[in-house]
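Chemist: Can you keep this structure in mind? I'll have questions shortly.
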Amino acid sequence: MSDILNTLATTLAKQGAPMLGTMIGTAIGGPAGAAVGGVAGKAIEILADAFGVPATPEAVADAVEGKGATPIIAQAEAQALKLWEIEARRATDAQAAEIDRGFGAWQFWRGAWQALIIGGWTIILLSSVFGGGRVVPMLPMAEIVSAWGSVTLTWLAVFNGGHTLKEIAPSLGFGRKR
């Protein structure tokens, strides 16, 4: 998937659509950015609608490389620019709203959990490197790393997964509409 998106982003940039190339390039390296409905997915949808092809990276890549694609790409680039501005404004507004609320308990717990996770990994690393005979863990180091890895992954799933759900829930019919 990453190769197709990389090729598509490069092709669009060469054909005079740097904004579309940048938007699709944001999905490279990310977990299925186009499928989740992020900015890259929206850019692919814009191109798919303009070309009248299915909204898949493969179909859009084939259409972009066809003859006579340049004017269609230019039209899609104009739509993508509007979308980019809306997304940038939304992100700025969300950050401003968070700042306006001030430092609250929800911000404290996010930082506290992150500090706890980082502190735990620091202790594990230091005890395994410098522990020698002085620090004798009650469990084998492999089990400690496995257990703390589970704690870390749970935190990442709750924090990151929660934000992802918060973003896609309105489009699925849950939560507040935008």
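The values are calculated or read from the model by the stated rules, or taken from the named source; none is laboratory data. Bear in mind that the values here come from a model prediction, so they are computed numbers and not experimental data. Please note: Cβ atoms are built from the backbone with ideal geometry, for glycine as well, and neighbour counts cover all protein chains shown.
Chemist: Among residues belonging to region 63-82 that are free of Cβ contacts under 8 Å to residues at least 60 places away in the same chain and under 25 Å from the mean Cα position of the chain (by Cα), point out the one that is farthest from Lys166 (Cα to Cα). Walk me through it before giving the result.
Modeler: Step one: list which residues in region 63-82 are free of Cβ contacts under 8 Å to residues at least 60 places away in the same chain, which gives 63-72, 74-76, 78-79, 82.
Subsequent filtering for residues that are under 25 Å from the mean Cα position of the chain (by Cα) retains 64, 76, 78-79, 82.
Working: Val64: 33, Ala76: 28, Ala78: 28, Gln79: 25, Lys82: 23 Å.
Among residues in region 63-82 that are free of Cβ contacts under 8 Å to residues at least 60 places away in the same chain and under 25 Å from the mean Cα position of the chain (by Cα), the one farthest from Lys166 (Cα to Cα) is Val64.
Condition check ((1) touching a helix residue (DSSP H, G or I) at 6+ places or on another chain (Cβ under 9 Å); (2) at pLDDT 70 or above; (3) farther than 30 Å from Met23 by Cβ) across all residues:
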position	(1), (2), (3)
Asp100	no, yes, no
Ile117	yes, yes, yes
Val135	yes, no, yes
Ala169	no, yes, no
Arg176	yes, no, no
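Chemist: Restricting to region 37-96, give me the number of residues that are farther than 14 Å from Thr22 by Cα, part of a helix (DSSP H, G or I) and of a type in the set (Gly, Ala, Ser).
Modeler: So the count comes out to 9.
Chemist: Hey, another quick one. Out of (1) modelled with pLDDT of 80 or more; (2) buried (at least 16 other Cβ atoms within 10 Å of the Cβ); (3) not basic (Lys, Arg), the odd one out for Asp62 is which?
Modeler: Every listed condition holds for Asp62 apart from (2).
Chemist: Note down all Cβ pairs under 6 Å where the first residue falls in region 138-164 and is more than 18 Å from Thr122 (Cβ to Cβ) and among the acidic types (Asp, Glu), the second is at pLDDT below 90 and surrounded by 10 or more Cβ atoms within 10 Å (Cβ to Cβ), and they're at least six residues apart or on different chains.
Modeler: Going by the 6 Å Cβ cut-off, there are no qualifying pairs.
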